[in-house]
Structures are given as structure tokens and as C-alpha cells.
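As C-alpha cells, the structure follows; a few thoughts come after it.
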Amino acid sequence: MWIKLAFLAMFGLCAGGIIAAGVFAFLAIIGVFPRLIGKTGTKRHIMLYETVIILGGIAGNGMDLFEFPIPVGGTWALAIFGAAVGIFVGCLVMSLAETLKTLPVINRRIHLSVGLQYVILAIGLGKMLGAMLYFHMGMGM
């Protein structure tokens, strides 16, 4: 029985690590981290950025896995965390907006003369439908 649990724990941790690595690779590819480093002029601290990103990913996975409460900080900690998450989401949205500039290039390459707005709409509706199914099936609980 304990061997089954050990394998389950190992596979779960490996799968979580792979997903986290994919998310961080996606964020690096769309330019969130390089843009932040460039805008703040802190290129000399690149090793610190890498360390903090890795430790943040590990801490986030651990907190998601074990779901333990943080008893200190109260409202102030929540406000600081909310501001940090808001700044991050804002940077992510701006990076994704820049990625959307590639859609006209794709439009020219696949020779789509009309209907780019429908391609964008289909992408958005697919994302919405996937999220609705995800939460309707109880996977997000």
C-alpha cells in the first residue's frame, strides 16, 4: 500500500513540476520577465530574478499542494499580496496583447483575406467554453 502511495506522490510532484515549468517557460517566451527587467533597469540582478522566480514557483506549488493557512499578516498581507498579483496580471495582459500583434502575420501567411475577427472570437470562445466545462465538471474544486 505504501509503495502505491509513494508512486502516486512521485508522479503527482513530477506532473506539478512539469506544469509549473511550462507556465514559467510560457511567461518567459511572451516576454513578461524580460520586459520587467528592461523597464526597471535591473539587468545586473538577473541571477536574483532567476532565483526568486524558481523559489516562487516551488513555494506556490507547495502552498497549492498542502493548502495551509498563513496566520500572520492579516489584512496588510492580503493587501500586499493582492497588489503584487494585480501588477503581475497587468504585465501578463500587456504581454499577451503584444502577442496578439502576431495575428495579422498569421493572417497573411495562411492567406485569410477576411474573417480575422472570427478567428480571434473563436479563440476566445474556445477558452471560455473550456473554462466553463472545467468548473462545471468539478475539476476546479
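The values are calculated or read from the model by the stated rules, or taken from the named source; none is laboratory data. Predicted, not measured: the structure shown is a model, and the values here were computed from it. So basically every Cβ, Gly included, is an ideal-geometry build from the backbone, and we count neighbours across all protein chains shown. To get the accessible areas, we keep the full protein, side chains included, count just its heavy atoms, and leave off ligands, DNA and RNA. Shrake-Rupley method; radii C 1.70, N 1.55, O 1.52, S 1.80 Å.
Expressed as a whole percentage, what fraction of the accessible surface of the chain belongs to carbon and sulfur atoms when a 1.4 Å probe is rolled over the protein heavy atoms?
Working: 9140 of 11720 Å².
Its accessible area is 78 percent carbon and sulfur atoms.
Counting heavy atoms of the protein chains alone, His136 has an accessible area of about 150 Å² for a 1.4 Å probe. Overall, the chain carries a charge dipole of about 520 debye about its Cα centre when +1 sits on the Cβ of Lys and Arg and -1 on the Cβ of Asp and Glu, all other atoms neutral. Only helices enter this figure: runs of n ≥ 4 DSSP H residues, each worth -39500 (n - 2.57), summed and divided by the residues of the chain, yield -27000 deg cm²/dmol at 222 nm to the nearest 500.
Only Lys, Arg, Asp and Glu count, each charged at its Cβ (+1, +1, -1, -1), so figure out the dipole size of segment 1-82 about its Cα centre, rounded to 20 debye. Working shown, then result.
Details: 5 positive and 3 negative charges, 69 e Å.
Roughly 340 debye for segment 1-82.
In the context of the full protein assembly, Phe68 retains an accessible surface of approximately 110 Å², using a probe radius of 1.4 Å and ignoring ligands and nucleic acids. Taking every full run of DSSP H in the chain, the ones that stretch at least 20 Å from end to end by Cα along their long axis and average -0.5 or higher on the Kyte-Doolittle scale are 2-29, 46-66, 74-99, 116-136.
For Tyr118, Tyr49, the ranking by accessible surface with the largest value first comes to Tyr118, Tyr49, using a 1.4 Å probe. Look at the dipole of the chain built from charges on Cβ: of Ala131, Val89, Ala9, the Cα furthest out on the positive end belongs to Val89. Once the 1.4 Å probe is applied to the protein heavy atoms, the chain comes out at 83 Å² accessible per residue. One entry in [x] 60; [y] 24; [z] 51 is percent of Cα pairs over 25 Å apart calculated from the shown coordinates; its label is [z].
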